[in-house]
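Data block below; observations after.
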Amino acid sequence: MVLMKSKENVPKDAVLLTEEDAIKYAWDFVDGWKTPSDVWALRFGPFILGGINAISGLIINNHFRNKLKLGPYGFLSSAIPISLMPGILTPLFHRYIVSTDMLLMKAETCPLCYEIRSTVLQLGLGVVYPMLLAPTTAMMLSHRYATARIPELYDGPRVIVKFVSKLARPLQGTVATLAGLQVVSSALITYFEMRNILSIRREVMEIERKLENEESLRYIGDAPMNFTWTLVFNSAL
């Protein structure tokens with residue numbers, strides 16, 4: 001059985017699917033795979049990256065909160081958007097724009113492009129986003145609870161930027177370490193996802209060869225599957 005994208009030269013025995021149906025079919029196939037070691041990166045990799053981004057956001061948020069002596073004030077209102085949201089959005093976006101494209105083997109995207117896409121997503125949600133939102137949120141809370149002296153808006157953007165830069169300066173080494181961790185983790189997870197996909201395809205091809213030799217149907221789960229079918233998804237359907 002082959003899942004392929006095609007608009008012409010469609011085999012006579014092909015089962016036509018929309019792209020949405022093909023995506024659902026592909027992930028159902030991965031979720032139903034009986035050997036967890038073959039698909040661990042596809043199943044759990046995005047959640048690992050989400051956890052790393054959540055921790056990264058928490059570290060950055062705590063730094064600015066400590067600098068402005070916020071203590072327990074407004075902890076949840078800052079932790080939810082800065083730490084929890086990246087932890088939730090990272091696996092969703094990674095699965096949608098990285099893992100799914102690899103799983104469908106879209107010809108227009110090269111392996112290096114997947115690595116770059118994954119790294120940009122990881123850095124964006126794990127470093128850039130918290131570094132923009134954490135000082136802004138901390139300053140708003142500090143102004144509200146009067147925990148530290150901060151510049152007023154009428155002081156001008158130059159004064160505010162200088163103040164934020166002063167707060168962020170001690171965090172430079174930590175941010176560099178977090179960024180390095182993001183790059184390495186996203187590259188490794190994406191690499192192992194590629195290996196998982198290749199491993200699945202090799203095993204499916206081996207099953208196909210055995211079935212062709214035996215000229216019979218095998219059962220996967222509770223439903224019979226004929227591996228001589230070709231599933232074709234067409235985004236124009």
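The values are calculated or read from the model by the stated rules, or taken from the named source; none is laboratory data. Note that the coordinates shown come from a computational prediction; the quantities given were computed from them, not determined experimentally. Reconstructed Cβ throughout: ideal geometry from the backbone, glycine too, with neighbour counts over all protein chains shown.
The residue list 164, 159, 120 contains one member that is modelled with pLDDT under 95, under 30 Å from the mean Cα position of the chain (by Cα) and in a helix (DSSP H, G or I), which is 164.
I'd like the full set of residues that are under 28 Å from residue 77 (Cβ atoms), hydroxyl-bearing (Ser, Thr, Tyr) and crowded, with 18+ Cβ neighbours inside 10 Å, limited to the range 96-149. Those that are under 28 Å from residue 77 (Cβ atoms), hydroxyl-bearing (Ser, Thr, Tyr) and crowded, with 18+ Cβ neighbours inside 10 Å: 129, 137, 142. Taking each residue of the range 130-155 that is more than 16 Å from residue 175 (Cβ to Cβ) and looking for partners that are among the polar types (S, T, N, Q) and modelled with pLDDT of 90 or more with beta-carbon atoms closer than 6 Å, six or more apart or interchain, yields 137/78; 148/142; 150/142.
Evaluated against (1) in contact (Cβ under 8 Å) with a residue 60 or more places away in the chain; (2) among the aliphatic types (A, V, I, L, M); (3) more than 21 Å from residue 95 (Cα to Cα); (4) in a helix (DSSP H, G or I), residue 26 falls short on exactly one condition, (3).
Any idea how many residues of the range 22-61 are modelled with pLDDT of 95 or more and polar (S, T, N, Q)? So the answer is 3.
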